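All remarks here apply to the structure that follows.
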Amino acid sequence: MNIVKKDSIMVMGYGWSGSYQAAERGEVQKVWARFLEDIRKISYSTDKPRVICPFHDRETEFTYYIGLEVGDTELSELPPEMTKIHIPAREYATFTHSGPVEKVFETYKQAYRELENKGIQLLHDTLKLEVYSMEQAEQITSATELTFEINLPVKTL
């Protein structure tokens, strides 16, 4: 785990809200498939495009976005069915999941335990982020193994 300050970014893509059970039934995978089909509709100006997945997790449901990091100039080109999200600069505890897809939840549990054990306060009302390389994102709907960055917003002193 590292604590890092991330600059503000803009993300453009699709969003989904639903229950954890709906996600387990593949609803989020459908949004990923749609995003990957429509990715060419999004213009971006970064040298190394990254797929950013901000999310709110609540007790019985969550909201998950899948999008590309874009610059401010591209926002006028937003396709009507997509959404844009501004992620403000803040500090995050960063973790990496590298392994089987079915172990992602375990990686999150370990991350939350580590924050608690170190006395670091998680900001529950703030978007958490998953960050994927373009190469990893393009394979996500069929991948059995994943490597991506998990960013949990934290309160620092």
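Only the coordinates and a few stated rules stand behind these numbers; no lab work does. Since the model is a prediction, treat every value here as computed from it, not as a measurement. We place every Cβ from the backbone using ideal geometry, glycine too, and count neighbours over all the protein chains shown.
Zone of I3 (label point 7 Å along Cα→Cβ, backbone N under 20 Å): which residues in region 138-157?
150-157
Using 7 Å Cα-to-Cβ label points, what is the T147/E114 separation (nm, one decimal)?
A separation of 1.6 nm, rounded to one decimal place.
Specify the angular offset, from 0 to 90 degrees and rounded to the nearest 10, of the alpha carbon long axis of helix 104-117 from the longest principal axis of the alpha carbons in the chain.
Compared with the principal axis, the helix lies near 40 degrees.
Taking Cα centroids, how far is region 5-55 from region 126-140 in Å?
7 Å
Order by neighbour count: S98, S142, fewest other Cβ atoms within 10 Å first, most last.
S142, S98
Starting from the Cα of E106, step 7 Å along the direction of its Cβ; do the same at E24; then give the gap between the two resulting points in nm.
Taking the simple label geometry, E106 and E24 are separated by 1.7 nm.
Given H placed on each backbone N at 1.01 Å, which residues far from R90 in sequence or on other chains put an amide H within less than 5 Å of it?
K6
So for region 67-157, what are the equivalent ellipsoid semi-axes in whole Å, largest first, each being the square root of 5 times an eigenvalue of the Cα gyration tensor?
26, 21, 9
Between H124 and S17, what is the label-point separation in nm under the 7 Å Cα-to-beta-carbon projection?
1.9 nm
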